[in-house]
1. Does the range 41-53 contain at least one residue that is hydrophobic (A, V, I, L, M, F, W, C), open to solvent by 30 Å² or more (accessible area, probe 1.4 Å), in a loop (DSSP other than H, G, I, E, B) and out of contact with any His (no Cβ under 7 Å at 6 or more places or on another chain)?
2. Name the residues in the range 56-65 that are open to solvent by 10 Å² or more (accessible area, probe 1.4 Å) and not in a strand (DSSP E or B), would you?
3. Give the range 113-159 a look and list any residue that's aliphatic (A, V, I, L, M), part of a helix (DSSP H, G or I) and open to solvent by 20 Å² or more (accessible area, probe 1.4 Å), or say none.
4. Which of the residues that make up the range 160-194 are part of a helix (DSSP H, G or I), among the aliphatic types (A, V, I, L, M) and touching a residue at least 40 places away in the same chain (Cβ under 8 Å)?
5. Which one is nearest to Glu179 (Cα to Cα) among residues in the range 242-259 that are open to solvent by less than 50 Å² (accessible area, probe 1.4 Å), in contact with a Leu (Cβ under 9 Å, 6 or more places away or on another chain) and among the aliphatic types (A, V, I, L, M)?
6. Search the range 109-127 for residues that are in contact (Cβ under 8 Å) with a residue 24 or more places away in the chain and pair each with any residue that is open to solvent by 50 Å² or more (accessible area, probe 1.4 Å) and in a helix (DSSP H, G or I) when their beta-carbon atoms are under 9 Å apart and the residues are at least 6 apart or on different chains.
7. Over 19 Å from the mean Cα position of the chain (by Cα), among the basic types (Lys, Arg) and open to solvent by 20 Å² or more (accessible area, probe 1.4 Å), is that true of Lys208?
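The values are calculated or read from the model by the stated rules, or taken from the named source; none is laboratory data. All of these numbers come straight from a predicted model, not from anything done at the bench. Here Cβ is always computed from backbone atoms with ideal geometry, including for glycine, and neighbour counts include all displayed protein chains. Heads up: the accessible areas ignore ligands, DNA and RNA and are worked out on the full protein's heavy atoms, side chains in. Shrake-Rupley method; radii C 1.70, N 1.55, O 1.52, S 1.80 Å.
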Amino acid sequence: MDSLLVSRDDGVERLGIAVGELDAGAVLRRGEVEVIQSAVSAAWVELEKGAHAIPIHIAQINQRDGFCLVGREPDTEFTWEKLAGKTLLADHGHQPMVMLRWAAHKKGADWSRVNVQNLGSPQAMETAFRAGQGDYIHLQGGVPQQLERDGAGHIVAFTGEGLTPLAFSSISAARSFIESDSLQPLLHAFGKAKAWTQQSPAGEVAEKLAALFPALSLAALTTAIGACQKLACWEGGAAIPREAYLEAQNIFLWAKGIQRAHAYEEVCYMAG
């Protein structure tokens, strides 16, 4: 999953995207950026590897998984049981795979009967699917909508639809940033931007973000944003709700994606 990075040059904040092999967490620890997009699950992994000074998660972005399942043909009657005996090109990133397995479990799929393939990066998966490999593909929102625009596939399901809200993606920062005068202005601005993104027309949001997603047409980006709004991905304020944190943690424990529970206070910023 690509990550947003915020750096500062001569007092001016810069927004960028980490792609490919760039480790956003490592860039943050080196002091090259001040804020990154991440997930509380990334903190759990670091803690279980013995890390101590982990980035602190300061604000919630998504409360739902915005990934999609794309099939070869339109299927308005799709059920997850239909994955049995089929080949699914799945994103094997830690959080995407845990959430995919959870969705399949909750929505009635027999995971043992699905031929799940790991082709590496989302770009490699997309290329293979366009070339005819696989019956279904599991990708983050944006590319599925582009596949539809290109006539290369059809969205049949949204992974997070109908599931309990949880801490999916968030903003994290170094402890030095949290102790600085920059934290509260950033949280205030983020809260306003998040509300605007959820409440504004999808096309207006897409026009603002188009430069960050050059591989997507404006139409595909608009459709993807509209889908996330409908799923209520960006509902809620800036704070990471404790109940959302615990919901995500329980899922990761169920999937054995982590080995033990981790206190909210160890991972998340607590105002006041």
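1. Looking for residues that are hydrophobic (A, V, I, L, M, F, W, C), open to solvent by 30 Å² or more (accessible area, probe 1.4 Å), in a loop (DSSP other than H, G, I, E, B) and out of contact with any His (no Cβ under 7 Å at 6 or more places or on another chain), one finds at least one in the range 41-53, hence yes.
2. Result: Gln63, Arg64.
3. Within the range 113-159, Ala124, Val143 qualify.
4. Residues satisfying the conditions are Ile178, Leu183, Leu186, Leu187.
5. Only one residue tops the list, namely Ala244.
6. Note: pairs meeting the criteria are Ala109/Glu81; Ala109/Lys82; Asp110/Glu81; Leu119/Thr127.
7. Here the answer is yes, as Lys208 does meet what is asked.
Results for (1) in contact with a Cys (Cβ under 9 Å, 6 or more places away or on another chain); (2) aliphatic (A, V, I, L, M); (3) open to solvent by 80 Å² or more (accessible area, probe 1.4 Å), shown as yes or no for each residue.
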site	(1), (2), (3)
Ser180	no, no, no
Thr197	yes, no, no
Gly203	no, no, no
Ser217	no, no, no
Ala220	no, yes, no
Ile240	yes, yes, no
Ala261	no, yes, no
